[in-house]
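One structure is given here, and the rest of the page talks about it.
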Amino acid sequence: MSRTENSLRNIKFALIFQAASILVAFLTRKVFVLVLTQEYLGLDGTFANILSMLSLAELGIGGAITYSLYKPLAEDDREQITALMALFRRVYWTIGGIVALLGCALTPLLPVLIRDMPDLPHIYLIYLLFILNTALSYFGVYKQSLIIADQRQYITSTCHYGIKMLLLLAQALFLWLTHNYFVYLGLMLGATLTENLILTYQANRLYPYLKKATPPPLPQETKQAILRNTKALLTHRVGGVVVFGTDNLLISAFVGSISVGLYSNYLMVTNGLTTVYGQLFRSLTASVGNLGATKASDRALPVYWKVNFAGGWLFGFSAICLAVLFNPFIDLWLGEAFLFSQEIVCLIALNFYVTGMRQATLTFRDAYGLYWYDRHKPIAESVINLTVSAALAIPYGVTGIFIGTFLSTMTTCFWIEPVVLFHYGFHAPVKRYFLDYAVNTLVTVATGGAVWFLCSLLPGSGMVLFCEKAALCLVGGNLGYLLAYHRREEFRYFVTLLTSRLLHRKT
């Protein structure tokens, strides 16, 4: 099977299993809200964010080693692959232990991290179970990375989202029957262990040479490259965790844990979209990395423009749908008591858009291993995010925190990441990127404004009104991009690709 066919297969499996698991997740959250109190919902979100901070223990070495796997996989250099995986295993087992120790050390600080500590039974035991689940996840991840780097992500997607669907269904059922949060957490631990065991078995089956008793030592040149990329990735790791992992903690500290619970519902929707869309881009990373490893990088820039165009349309359209449909959906799903103001909803949609617009650039940056050149960017991003969010949280609450996230992205990531990619990766001018970004933003704002106005004219309420708005978003949202882009070369490429595949299926 060719690299392109593998990438398409990755995308197909990712879409099917992720979409299904997201739908099941909405059902489970509905049961969670009906059975347990909002305090449990806020606690669930806060603990998840605390543990995302502990993921800094990974230090970015996973990305560095994964990048180092592209070339030996392309050349079928089994000695090098075996040596890298031996290093990977030692590192991740150590990280799992460090995460467990750091998590336990933070236990006495929980009253500081949670402004209005809820009066729930066994709250510290709940936190320790979250820590255990996070630590266990590290013990099998190194073999999953090899499968993904070898462009077999459909295997990990099938396993991960298949188990996740079963887990969510089991959690919903047992939560409804027992009303016991500890059963809910116990099932989560069992699913993590099961996934590790299945993917370890799959890796051993696909790469039997990994069982080699004494793997060869890594060349010094490879070690130096991994160390260099790890140093750079550490700062990227810090920036990612601070910007995307601290919103809930800031809301908990400055506003309260109830607001964390409200935000977790919105976050569940945006994370679901980000996960599905992110899988589309990640499925391409190994293929792009293979282009670089096999000296076919001259073909990468035309591919980038196509991927960036698709990302602009996809994330712009989705941001419009979020701004218009978010609150009506949450109201139908969970009830009016779980709604944020429309102002906050628009900020969530805005942050989703600016983050999504980075995905094509980050996919190619990761595939080319260009972590070193923008290693200082995440530090500036983190400082701006924490400073502005904390300052604005006092007078403006949740709104101020989300404004801080937006400003930190636009003052750093927005321009640094494409400049690095085009200068060090493509060796081409970056002007077209910013022009495309500006055009796509104008199209998104204009289309979104028109859709919002038309939706405001619709009569009725409830499910009927929601469906009408959804239909208008679907048609009107895409129509705006169609009118703006129907003459673009990238648009014609995707039309031709889709048409050829439809005709191929008919024959």
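Some observations on this one:
- Multiplying each eigenvalue of the alpha-carbon gyration tensor of the stretch 144-224 by 5 and taking the square root yields semi-axes of 36, 13, 11 Å, largest first, rounded to whole angstroms.
- Links that overshoot a 22 Å alpha carbon limit, given the list 71/306; 143/164; 164/469: 71/306; 164/469
- Average accessible area per residue (Å²) across the stretch 340-397 - probe 1.4 Å, nucleic acids and ligands excluded: 37
- Charged-residue dipole, Cβ positions (Lys, Arg, Asp, Glu), the stretch 117-227 about Cα centre, Debye nearest 20: 420
- For the stretch 335-416, the C-alpha radius of gyration sits at 1.27 times the compact-globule guess of 2.2 N^0.38 Å, with N the residue count.
- Electrostatic bookkeeping for residue 443 treats Lys and Arg as +1 and Asp and Glu as -1; over the other residues with beta carbon under 12 Å from its beta carbon, the sum is 0.
- In percent, rounded to a whole number, the relative contact order of the stretch 319-416 is 27, using alpha-carbon pairs under 8 Å and six or more apart.
- Computed from the C-beta positions of residue 166 and residue 488, the FRET efficiency with R₀ = 41 Å rounds to 0.45.
- Bins of 5 Å, starting at 0 and running to the largest distance - Cα pair percent for the stretch 108-195: 3, 12, 18, 18, 17, 13, 10, 6, 3, 0
- The stretch 380-507: projected area of the alpha-carbon convex hull, averaged over directions, in nm²: 13.1
- Heavy-atom accessible surface of the stretch 372-507: percent carbon and sulfur, 1.4 Å: 73
- Heavy atoms of the protein chains alone define the surface here; on that basis the stretch 449-505 has 71 Å² accessible area per residue at 1.4 Å probe size.
The values are calculated or read from the model by the stated rules, or taken from the named source; none is laboratory data. Predicted model, so just to flag it, every value in this text is computed and none were measured. We place every Cβ from the backbone using ideal geometry, glycine too, and count neighbours over all the protein chains shown. Ligands, DNA and RNA are excluded from the accessible area calculation, which covers all protein heavy atoms including side chains. Shrake-Rupley method; radii C 1.70, N 1.55, O 1.52, S 1.80 Å.
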